[in-house]
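For reference, the structure discussed in these notes is given below.
The values are calculated or read from the model by the stated rules, or taken from the named source; none is laboratory data. Note that the coordinates shown come from a computational prediction; the quantities given were computed from them, not determined experimentally. Please note: Cβ atoms are built from the backbone with ideal geometry, for glycine as well, and neighbour counts cover all protein chains shown. Side chains are part of the model used for accessible areas, which takes the heavy atoms of the whole protein and leaves out ligands, DNA and RNA. Shrake-Rupley method; radii C 1.70, N 1.55, O 1.52, S 1.80 Å.
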Amino acid sequence: QVQLVESGGGPVQAGGSLRLSCAASGRTFNILTMAWFRQVPGKEREFVAAIRWSVSSTYYADSVKGRFTISRDNTKNTLYLQMNSLKPEDTAVYYCAADREYRSLYYSYEYDYWGQGTQVTVSS
């Protein structure tokens, strides 16, 4: 089993920045991909960004490309999401996810483990 704990969310004004963290523990040696998703009430969970753990290849949703950066620290088993130039439409609960297999990255049902989520609220 793998446990994921997110932190770093909160309120921020439009144009501001936040950095989310996701600490992984447990059987982390079999994680191949980690990702961030987000969800607003009444909508499906939406892909934000992903990283292949061993090679650091990164992938982004078009809506965040150029503003968000996903990264990881292998020594700390921690995933990050640096969010700059935040917009009100970025408001959501952000979830960290981990996958034990190489799959397409973009679909929430492909991920094996999830954190509890952290709220990001961007005000205009």
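When the residues 112, 62 are ordered by accessible surface, computed with a 1.4 Å probe over the protein chains alone, the sequence from largest down reads 62, 112.
With viscosity set to 0.890 mPa s at 25 °C, what whole-number translational diffusion coefficient in µm²/s follows for the stretch 20-60 from Stokes-Einstein and a Kirkwood radius over Cα pairs?
Numbers: Rh = 11.7 Å.
My calculation gives 210 µm²/s for D.
Can you give the convex hull volume per residue for the Cα atoms of the chain, as a whole number of Å³? Could you put the intermediate results ahead of the total?
Values: hull volume 11.6 nm³, N = 124.
Output value, Cα hull per residue: 93 Å³.
Tell me, which longest segment in the chain has none of the GluC sites (Glu not before Pro) that fall in DSSP loops with at most 11 further Cβ atoms within 10 Å? Of all site-free stretches, the longest is 45-100. Simple rule: put +1 on each Lys or Arg Cβ and -1 on each Asp or Glu Cβ in the chain, find the dipole, and look at 114, 10, 56; the Cα lying farthest toward the positive end is 56. Between residue 13 and residue 57, the modelled label-to-label distance comes to 4.1 nm, taking each label 7 Å out from Cα in the direction of the beta carbon. Under a 5 Å amide H cut-off, with hydrogens placed 1.01 Å from N, residue 91 pairs with 122 among residues at least 5 apart or on other chains. Ordered by solvent-accessible area of protein heavy atoms (1.4 Å probe), largest first, the residues 18, 79 come out as 18, 79.
By the rule of a C-alpha distance below 17 Å, with chain neighbours fewer than 8 residues away ignored, the lysines paired with residue 87 are 65. Taking the Cα centre of the chain as reference, the dipole from Cβ charges on Lys and Arg (+1) and Asp and Glu (-1) amounts to some 220 debye.
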